[in-house]
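Working notes for the structure below.
Read-outs: derived from the displayed coordinates by stated rules, not from any lab. Owing to the predicted nature of the structure, the values given are computational and were not obtained by experimental measurement. Positions of Cβ are backbone-derived with ideal geometry, glycine not excepted, and every protein chain shown enters the neighbour counts.
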Amino acid sequence: MTDAGHEVVPKVREVLARVKSKTRRGIDDNDYDHLLGMLGIVLRNLTEKEETEE
């Protein structure tokens, strides 16, 4: 990684921590983990290639 990349890493981590904190507000750990799992499935469904019928 470049020096510029190393400099930006702490800033990106700070922003991600703030976003994570806001998105978790009012959601317990189990529900949040379940939500992330479900969103992962949705993302995978949206990005995988469609199977064509032959």
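Residue check: is LEU46 hydrophobic (A, V, I, L, M, F, W, C), without any contact (Cβ under 8 Å) to a residue 60 or more places away in the chain and surrounded by 10 or more Cβ atoms within 10 Å (Cβ to Cβ)? Write out each step before concluding.
Numbers: hydrophobic (A, V, I, L, M, F, W, C): yes; without any contact (Cβ under 8 Å) to a residue 60 or more places away in the chain: yes; surrounded by 10 or more Cβ atoms within 10 Å (Cβ to Cβ): no.
Criteria not met by LEU46.
Scan segment 10-31 and report the pairs whose first residue is surrounded by 10 or more Cβ atoms within 10 Å (Cβ to Cβ) and whose second residue is in a helix (DSSP H, G or I), with Cβ atoms within less than 6 Å and a gap of 6+ or a chain change.
That search, which allows pairs on different chains as well, returns ARG24/TYR32.
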